[in-house]
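Accompanying notes for the structure given below.
The values are calculated or read from the model by the stated rules, or taken from the named source; none is laboratory data. For clarity, every value in this text was computed on a predicted model and none was experimentally measured. Backbone-built Cβ (ideal geometry, glycine too); neighbour counts: all protein chains shown. Protein only, heavy atoms only, side chains kept; ligands, DNA and RNA dropped before computing areas. Shrake-Rupley method; radii C 1.70, N 1.55, O 1.52, S 1.80 Å.
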Amino acid sequence: MKLGLGVGPMGPPGGEMIVKLAKEAENLGYDAIWSSEIYGSDCFTPLAWIAAHTTTLNVGTSIMQLSARTPASAAMHAVTLDYLSNGRLKLGIGVSGPQVVEGWYGQPYPKPLARTREWISIFRDIVARQNPVSHDGKQYQLPLQGGTGLGKPLKLILHPVREEIPLYLGAEGPKNVALGAELCDGWIPMFLSPYRMERMYGESLKHMPPHFDICAAVPVIVDDDVDRGLSRIKQNVGFYVGGMGAKSFNVHKDHVSRLGFEDEANHIQELFMAGRRDAAIAAVPDQLADEVALVGPKERIRERLAEWKRSQVTTINVGASDPDTLRFMAEELL
């Protein structure tokens, strides 16, 4: 099993904190460091900064919003960063939800599965650089249909370091996960429980290729007070289940429902949308928070790691910024 590290808040201006963490992870043998974007910092710039200060650590986006960039723009970002880092990029992508796509990026949210499939096809063609790229799809057209009529297929000028850049799909729904197993090199799950993984995703992962990397984001909190540690996990779960989406459409709430906590998920959302955020967070079940994270004294975490090792997860993407926690996880798994 490999280890990754997620970049959260970047700390004071200047980037010193994330570089320090990245160097620590590299020295400990971590495989990659991952940078996210929602409606704050973009995912590429921190990775460029980190790549400039490291030599072997892979850099990954977790996740790049598909609606934020056209396939060609994303390919240029990816190829450039892969070029400058000498082939260390892992590109994690995802469709997000209507709240962000329409509210932040001002883009429509049509058929996410079909859109992802077309996006991946165009991206692969651009990076492969075999021919000028054209695509006549329902979601994307290259050249654009109905424009001036002057557009023509073009070919990437920069010669990539690699013919393929590893693609990871951030997904929660079974159909999205199956799409990732079909077309991508890895999957970035959120709120994954190793205790329920086979039941939820056994069918979706049935045809995944041998090299497929399941890179699970797992918050790790070393704390002798388990309840205190779980309260921090509940804040994140409660926010996503209660507030990251509309009442009628929240992929995170749907995911938690499929995990077996449907009544609890509905209650969390009701409390959150009524303005009772503290009550919503408190309503997150201890069992749910405990299954999707590693919390407690080191001995308890060590015992619970056994279930992660038995699962299909191949990379634990550690959610922690404490160097002692990073070292502890390296000692246990590397």
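Annotations for the structure displayed:
- A 1.4 Å probe run over the protein chains yields, for the chain, 47 Å² of accessible area per residue, whole-number rounding.
- Hits among lysines - C-alpha to C-alpha of Lys234 under 16 Å, sequence gap 8 or more where chains match: Lys253
- Leu5 long-range amide H proximity, modeled H, under 5 Å: Ala32, Ile33, Trp34, Val318
- Cα gyration tensor shape for region 148-276, rounded if a/c is under 1.5, else prolate or oblate: prolate
- 3J(HN,Hα) along region 303-311, derived from phi through the Karplus expression 6.51 cos²θ - 1.76 cosθ + 1.60 where θ = phi - 60°, amounts to 5, 6, 4, 4, 5, 5, 5, 6, 7 Hz, with x in place of Gly and Pro.
- Peptides ranked, highest mean first, by Cβ atoms within 10 Å: ranges 103-109, 5-11: 5-11, 103-109
- The angle separating the long axis of helix 71-84 from the principal Cα axis of greatest extent in the chain is about 80 degrees.
- The C-alpha atoms of the chain define a longest principal axis, and helix 226-243 lies at about 40 degrees to it.
- When only alpha carbons are used to place a centre, region 76-154 and region 169-214 end up 22 Å from one another.
- Packing, taken as the mean count of other beta carbons within 10 Å per residue, orders the peptides 43-51, 145-153 from highest to lowest as 43-51, 145-153.
- Using C-alpha pairs under 8 Å with a sequence gap of at least 6, the mean separation divided by the residue count of the chain gives a relative contact order of 18 percent.
- The amide H of Gly29, built 1.01 Å from its N in the peptide plane, has no neighbour under 5 Å, considering only residues 5 or more places off or on other chains.
- Interchain or long-range residues, amide H under 5 Å from Ile93's placed H: Met64, Tyr168, Leu169, Gly170
- On the basis of the beta-carbon distance and an R0 of 41 Å, Ala48 and Glu182 show a calculated FRET efficiency of 0.85.
- Working note: Karplus 6.51/-1.76/1.60 with θ = phi - 60° gives region 181-195 the couplings 5, 7, 10, 10, 9, x, 10, 10, x, 10, 6, 8, 10, x, 6 Hz, where Gly and Pro are set to x.
- For region 284-289, Karplus couplings with θ = phi - 60° (6.51, -1.76, 1.60), whole Hz, Gly/Pro x: 5, x, 4, 4, 4, 4
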